[in-house]
1. Checking residue 106 against (1) part of a helix (DSSP H, G or I); (2) without any contact (Cβ under 8 Å) to a residue 40 or more places away in the chain; (3) not aromatic (Phe, Trp, Tyr), which test does it fail?
2. Conditions: (1) farther than 23 Å from residue 145 by Cβ; (2) out of contact with any Asp or Glu (no Cβ under 9 Å at 6 or more places or on another chain); (3) at pLDDT 85 or above; (4) not aromatic (Phe, Trp, Tyr). Residue 114 meets all but one. Number of the miss?
3. Residue 49 fails exactly one of the following numbered conditions: (1) modelled with pLDDT under 95; (2) buried (at least 18 other Cβ atoms within 10 Å of the Cβ); (3) among the basic types (Lys, Arg). What is the number of that condition?
4. Could you please let me know if residue 73 is of a type outside the set (Val, Ile, Thr), more than 30 Å from residue 136 (Cα to Cα) and exposed (fewer than 12 other Cβ atoms within 10 Å of the Cβ)?
5. Here is a list of conditions, (1) among the aromatic types (Phe, Trp, Tyr); (2) modelled with pLDDT of 95 or more; (3) surrounded by 19 or more Cβ atoms within 10 Å (Cβ to Cβ), and residue 64 meets all of them except one; can you say which number that is?
6. Here are some conditions: (1) among the small types (Gly, Ala, Ser); (2) farther than 19 Å from residue 38 by Cα; (3) at pLDDT 85 or above. Residue 105 meets all but one. Which one does it not meet?
7. Count, please, the residues in region 116-143 that happen to be of a type in the set (Val, Ile, Thr) and either in a loop (DSSP other than H, G, I, E, B) or in contact (Cβ under 8 Å) with a residue 24 or more places away in the chain (or both).
8. Find all pairs meeting these conditions: Cβ atoms under 8 angstrom apart; at least six residues apart or on different chains; first residue within region 144-165 and aromatic (Phe, Trp, Tyr); second residue part of a helix (DSSP H, G or I).
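The values are calculated or read from the model by the stated rules, or taken from the named source; none is laboratory data. Please read these numbers as outputs of a predicted model, since none were measured by experiment. Cβ atoms come from the backbone with ideal geometry, glycine included; neighbour counts cover every protein chain shown.
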Amino acid sequence: MNVMNVYEPVGDRPTMPIAADPRLSARVSGGSMFTLRKSGARPISFSGRQLGFQSNYRMGTPLWHELNLYQTEDGRFVADIRVFQKGEGARDQFHVAVVDSLDEALAFFEGYDPRMDLTAGFSLDDPDLSPAELIVHAAKLKYEINETVNQYKAVLSAFLHELNG
C-alpha cells in the first residue's frame, strides 16, 4: 500500500454523493463515478459505490476529518481520509489508499496518525521567542494534539460502528 501525506492548498472541494445503503457487499452493481483528490499526487478516479461516510465537523473546530470507504466495480476498496482546516493559510489534506481487501482498508483508517495533521504555528528559530512564550506555545500545541487525536478516535469509532450497522 502506497500512501503519501503531503500538504496541498485549499481549493474547491468536490461534493461526493452518499450512498443510501452503506452495507458491505461482495458485488458492486450500478456504481457511480468518483474522483478523489490525493495530496501530492494526481486525483484517483474509479467506478463503484460508497460503503461508509463519517465526519466530525463541529462549529468552531479548527480542524476536522472526513472518512469515506468505497468499493470499486472490480472488488477493490478505496479508503479516503480528508483533513479540513480553517484559518488563514490553512491547507486541506487528502489521504487515499487503494487496497485489495476490506481488512487492508480498515487498517489504513486505524493506522492513520492524526498528529501529523497539525502544524506548530510558531518557529523555534525565532530569536524574539522568550522561554515563557515557548512554554505557552508548547502547552497550546500539546492541547491541540490531544484534541485532534481524540476527535479522530471519535470519528473513527462512529465510522466503524456505521459499517457494522
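1. (2)
2. Exception for residue 114: condition (1).
3. With respect to (1) modelled with pLDDT under 95; (2) buried (at least 18 other Cβ atoms within 10 Å of the Cβ); (3) among the basic types (Lys, Arg), residue 49 is out only on (1).
4. Working: of a type outside the set (Val, Ile, Thr): yes; more than 30 Å from residue 136 (Cα to Cα): yes; exposed (fewer than 12 other Cβ atoms within 10 Å of the Cβ): no.
It is false that residue 73 is of a type outside the set (Val, Ile, Thr), more than 30 Å from residue 136 (Cα to Cα) and exposed (fewer than 12 other Cβ atoms within 10 Å of the Cβ).
5. Condition not satisfied by residue 64: (2).
6. If we test residue 105 against (1) among the small types (Gly, Ala, Ser); (2) farther than 19 Å from residue 38 by Cα; (3) at pLDDT 85 or above, just (2) comes out false.
7. Filtering region 116-143 down to residues of a type in the set (Val, Ile, Thr) leaves 119, 135-136.
From what is left, the residues that are either in a loop (DSSP other than H, G, I, E, B) or in contact (Cβ under 8 Å) with a residue 24 or more places away in the chain (or both) are 119.
Result for region 116-143: 1.
8. Sorted first by the residue in region 144-165, then by its partner, the pairs are 152/114; 159/109.
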